[in-house]
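Okay, so here's the structure we're looking at.
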Amino acid sequence: MPFDPIESYANSRHEFGEHGGVNMSIEASTTFTVMEAELMPEIFQGRLGPGDQKTGGGGCYLYSRHFNPTVYTLGRAIAAIEGTEAGYCTASGMAAIATTLMQICHPGDEIVSAAAVYGGTFALLKEYLPAKCTINTRFVDITDLDAVKAAVNERTKVIYCETLSNPTLAIADIPALAEIAHEAGAMLVVDNTFSPLIVSPAQHGADVVVHSITKFLGGASDIIAGAVCASNDFISSLMDLHMGSVMLLGPTMDPQTAFQLSLRLPHLGLRMAEHSRRAQFMAERLAEHGVKVDYPGLPGFGHRATFDRIRNDGFGAGGLLTLDVGSSETASELMTLLQNEYRFGYMAVSLGYFDTLMSCSASSTSSELDDDDLRRAGIAPGLVRMSIGYTGSVEQRWEQLESALRDVGVIT
Ligand code: PLP
């Protein structure tokens with residue numbers, strides 16, 4: 001039976017509120033009462049824990065930077081969506097990425113990463129980790145498996161990629177990358193922010209799946225949050241008293257936030273399918289007009305075969321598309337018209353919102369990359385990334401987009 005993320009999530013929904021409520025309770029305590037003094041050292045050393053953690057229970061929660069029940073419940077729900085044993089939620093997507101990489105790597109270790117990744121991740125890998133921790137990264141075209149193999153050596157501890165790269169939408173061949181990583185004794189870490197439900201990286205061999213919940217999982221552009229999904233051992237290691245990067249660097253999610261986010265997951269599937277339906281519609285129309293459009297659901301999409309091999313059925317090809325309008329000037333003109341004249345969407349970074357968000361990647365979310373990095377990552381100066389929302393009717397939205405493209409001379 002193929003993995004079904006919706007069923008897996010539904011099966012995980014056995015949490016009741018404190019008084020039997022249909023929603024989980026918010027556990028707002030930072031600290032928890034230990035009933036017998038002799039249990040304290042056992043709990044503190046991680047030998048006894050609550051419920052179904054690695055320790056097998058017998059103790060209780062200790063302190064909320066470590067494990068908070070509400071945050072832990074949300075983490076388990078996201079882990080169920082990804083089909084991993086465990087998960088934990090962080091204060092941002094960057095916190096999820098940084099703590100994961102800090103947990104796995106030590107000074108002198110290396111990472112092999114896709115050249116096209118979110119700009120913040122790129123800066124973390126290219127500048128911060130080498131300068132602060134002497135953890136260096138080799139950037140490669142992640143779709144070129146020979147280049148990935150050539151970059152891996154005995155110091156490599158992580159192969160890092162995004163399922164669909166930000167912003168180029170290149171698809172990572174996760175099963176092949178997992179094989180390369182595991183042969184080298186390294187771990188495959190995949191950022192699945194662009195494609196929750198659409199692809200389940202852990203089912204194809206990824207060891208850790210990270211998310212910026214800020215995007216599709218949150219869905220309303222109102223909360224910055226992240227998640228790490230992995231094995232019980234890995235999630236427990238993040239909480240280690242001596243060497244756990246969540247425990248010691250402290251990027252934990254607040255339980256009130258975890259509760260709010262828990263109410264968004266039941267309709268994630270409906271939202272993803274609708275984002276995809278509308279993005280598919282727009283991409284097809286744009287392609288008919290001869291616009292340079294990239295979208296994983298188009299027959300001519302460069303990485304279509306890989307995508308078809310790893311995608312789950314029922315959620316379409318995602319909410320993101322890119323169009324190359326030739327220059328950053330035309331991109332600015334187009335987005336200004338679309339926002340201020342036609343009210344098609346917002347000129348804003350980020351994605352996964354219910355309205356359409358658009359940005360020119362080279363001058364916004366990828367501005368950490370210099371000209372050479374941008375060329376290597378395949379990010380053209382006139383590339384506009386659109387996260388297609390689901391407000392308004394699709395026909396109305398298409399008319400707005402078509403009119404603006406005509407106004408700026410991209411179509412006739
Ligand atoms: N991963 C991807 C693919 C992103 O696009 C972003 C932000 O845009 C992040 C991670 C960082 O997430 P956050 O802003 O929640 O820290």
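With +1 assigned to the C-beta of every Lys and Arg and -1 to the C-beta of every Asp and Glu, and no other charges, what is the dipole magnitude of the chain about the Cα centre in debye, to the nearest 20? Don't jump to the answer; show the numbers that get you there.
Numbers: 27 positive and 48 negative charges, 51 e Å.
Roughly 240 debye for the chain.
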Exercise. In whole Hz, what ³J(HN,Hα) sequence does the range 203-208 give by Karplus (6.51, -1.76, 1.60; θ = phi - 60°), x for Gly and Pro?
Worked result: 6, 10, x, 5, 8, 9
Exercise. Across the range 226-241, in residue order, what do the Karplus-derived ³J(HN,Hα) couplings come to in whole Hz, using 6.51 cos²θ - 1.76 cosθ + 1.60 with θ = phi - 60° and x for Gly and Pro?
Worked result: x, 8, 10, 10, 6, 6, 4, 4, 5, 5, 5, 5, 5, 9, 4, 4
Exercise. For His211, His66, His19, His303, what ranking results if the residue with the fewest other Cβ atoms within 10 Å of its Cβ goes first?
Worked result: His19, His303, His66, His211
Exercise. Once the Cα atoms of helix 69-82 and of the chain are each reduced to a long axis, what angle between those two axes, in degrees from 0 to 90 to the nearest 10, is obtained?
Worked result: 50
For this session: Could you pull out every residue, at least 5 positions away or on a different chain, whose amide H is within less than 5 Å of the one on Phe67? Hs are placed 1.01 Å off N in the peptide plane, and Pro or chain starts have none.
Result: Leu62
Seminar exercise, completed: By the C-alpha gyration tensor axes a ≥ b ≥ c (rounded if a/c is under 1.5, else prolate when a/b exceeds b/c, else oblate), the shape of the range 188-244 is oblate
Seminar exercise, completed: If each K or R counts +1 and each D or E counts -1, the residues other than Gly389 whose Cβ falls under 11 Å of its Cβ total +1
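Summing +1 for each Lys or Arg and -1 for each Asp or Glu, what net charge is found among the other residues whose Cβ lies under 15 Å from the Cβ of His242?
+1
What Kirkwood hydrodynamic radius, in Å, does the range 241-297 give when the mean of 1/r is taken over all pairs of distinct Cα atoms and then inverted? Please report the intermediate quantities before stating the final value.
Working: mean 1/r = 0.0662 Å⁻¹.
By the Kirkwood definition, the hydrodynamic radius is 15.1 Å.
Which loop-located chymotrypsin sites (Phe, Trp or Tyr not before Pro) does the range 336-374 contain, where loop means any DSSP state but H, G, I, E or B and the Cβ has at most 10 other Cβ atoms within 10 Å?
On the way: sites: Tyr342, Phe344, Tyr346, Tyr353, Phe354; in loops: Tyr342, Phe344, Tyr353, Phe354.
Here no loop site has a sparse enough neighbourhood.
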For this session: Would you mind checking the tilt of helix 174-183 against the longest principal axis of the Cα atoms of the chain, expressed as 0 to 90 degrees and rounded to 10?
Result: 50
Exercise. Helix 93-104: angle to the longest alpha-carbon principal axis of the chain, degrees 0 to 90, nearest 10?
Worked result: 60
Seminar exercise, completed: In the range 5-266, taking the dipole from +1 charges on Lys and Arg beta carbons and -1 charges on Asp and Glu beta carbons about the Cα centre, the listed residue (His66, Ile81, Tyr118) farthest towards the positive end is Tyr118
Exercise. The range 64-138 to the range 280-338: how many Å between their Cα centroids?
Worked result: 28
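So for the range 5-266: antiparallel DSSP bridges make up what percent, rounded to the nearest 5? Let's see the in-between values first.
Values: 12 of 30 bridges.
Antiparallel bridges make up about 40 percent of those DSSP assigns within the range 5-266.
Just so you know, all these numbers are worked out from the coordinates, no wet-lab data involved. This structure is a prediction, so every number in the text was calculated from the model and none was measured. Please note: Cβ atoms are built from the backbone with ideal geometry, for glycine as well, and neighbour counts cover all protein chains shown.
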